[in-house]
Amino acid sequence: MTAKYKIIFFLPIALIIFLVLKMILPTPNLNDSYRDYCWVKKTHSTEQFNILAIGDSRIYKGVNPTYLLDVNSEFNAVNLGYSSAGYSKEYLSFVSKRIKEKGKRVILCGVTPYSFTPEALKNEHYSSFHDKNTTEVYKMLYLSGYLKSFPRYSPEEIWDYFTDALITHLYHNDFKENGWVESYKIPFDSTAGLRPYRINFIDNTADKNAEKEYLKWVKDISAEGIKIVGFRPPSTLAMEELEDSLSGFNYSNFINEFKQMGGIWLTFSLKDYKSYDGSHLHYESANKFTENLAQKIEKYIK
């Protein structure tokens, strides 16, 4: 049998095997192509929204736009959070372009002490997608968009599924087109994030000038009739105590100035939510938090 006929013979068999596996296997823990598609779409889309959720990974894993609005709402919402995002001029300019020019408009700002540190202000994650050339963007938007139906499974995932093996370690991230990431970890460890954050604040404390520039942005945007709603994304008490002691960021002073600039500050109870690593919310708590957030901003969009 020639190579040509071998290909013709085995191709249908491979296709059948793929379709069978596709039907029986669960969603993979990480769909690389679809992840890239979601990040590029978030960054390079020109679509504008009534409600934006902005901030770092506690936002993109903690605020699900689906729960911000009623099913039949005339408004739309998106999550524009990035890993280790800082409130730099570049990021705020990007945000300003994505809010609708008229009508009811709300920007939800998740403010963490890390948001104003020099490292966060570099916005390396945001820039890694913003700075891609036209060819890369096109490839990720269109090719990766199609490849989302053909996710890559790790050998461990397939083995665990067919052997019913007990899963002892797993980091699950399911990316959504609305900018949210459904996330959780096994094993659950609410102290895991403490050590990295202690390191993060070494020679990297809040920049007062960055705070002032952000507050000026709040004032300018508020003057346009846009509601700026700030809050501290829920984590854990231990994490909040660590951040307050090492970051150089004073929440009390910041909140007072934020309100003076026209911002609206919301508070939430930590006991209502669960963090799988001490920093990020388990996706079930993220949905619950978003529902609570939606209730508090309802009066601004009706």
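The values are calculated or read from the model by the stated rules, or taken from the named source; none is laboratory data. Bear in mind that the values here come from a model prediction, so they are computed numbers and not experimental data. Methodologically, a virtual Cβ is constructed for each residue, glycine included, from the backbone with ideal geometry; neighbour enumeration extends over all protein chains shown.
Quick look at the numbers
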| quantity | calculated |
| --- | --- |
| Within the stretch 121-142, tally of residues that are in contact with an Asp or Glu (Cβ under 7 Å, 6 or more places away or on another chain) and in a helix (DSSP H, G or I) | 2 |
| Matching residues in the stretch 257-275 - criterion: being touching a residue at least 40 places away in the same chain (Cβ under 8 Å) and under 19 Å from the mean Cα position of the chain (by Cα) | Lys274, Ser275 |
| Subset tally (residues that are among the acidic types (Asp, Glu) and out of contact with any strand residue (DSSP E or B) (no Cβ under 6 Å at 6 or more places or on another chain)) for the stretch 167-205 | 3 |
| Residue within the stretch 66-78 that is over 10 Å from Gly179 (Cβ atoms), touching a residue at least 12 places away in the same chain (Cβ under 8 Å) and in a helix (DSSP H, G or I) present | yes |
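Residues checked against (1) at pLDDT below 95; (2) within 18 Å of Val40 (Cα to Cα):
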| position | (1), (2) |
| --- | --- |
| Asp131 | no, yes |
| Ser144 | yes, yes |
| Glu156 | yes, no |
| Ala165 | yes, no |
| Leu170 | yes, no |
| Glu177 | yes, yes |
| Asp207 | no, no |
| Lys216 | no, no |
| Lys219 | no, no |
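Rundown of residues vs (1) free of Cβ contacts under 8 Å to residues at least 40 places away in the same chain; (2) within 19 Å of Ser88 (Cα to Cα); (3) under 20 Å from the mean Cα position of the chain (by Cα); (4) crowded, with 20+ Cβ neighbours inside 10 Å, yes/no style:
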position	(1), (2), (3), (4)
Lys185	no, no, yes, no
Ile202	yes, no, no, no
Lys219	no, yes, no, no
Met239	no, no, yes, yes
Ser247	no, yes, no, yes
Ile255	yes, yes, no, no
Asp277	no, no, yes, yes
Leu293	no, no, yes, yes
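Yes or no, residue by residue, for (1) at pLDDT 90 or above; (2) in a loop (DSSP other than H, G, I, E, B); (3) among the β-branched types (Val, Ile, Thr):
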| residue | (1), (2), (3) |
| --- | --- |
| Tyr5 | no, no, no |
| Val20 | no, no, yes |
| Val40 | yes, no, yes |
| Glu47 | yes, yes, no |
| Val63 | yes, yes, yes |
| Tyr82 | yes, yes, no |
| Glu101 | yes, yes, no |
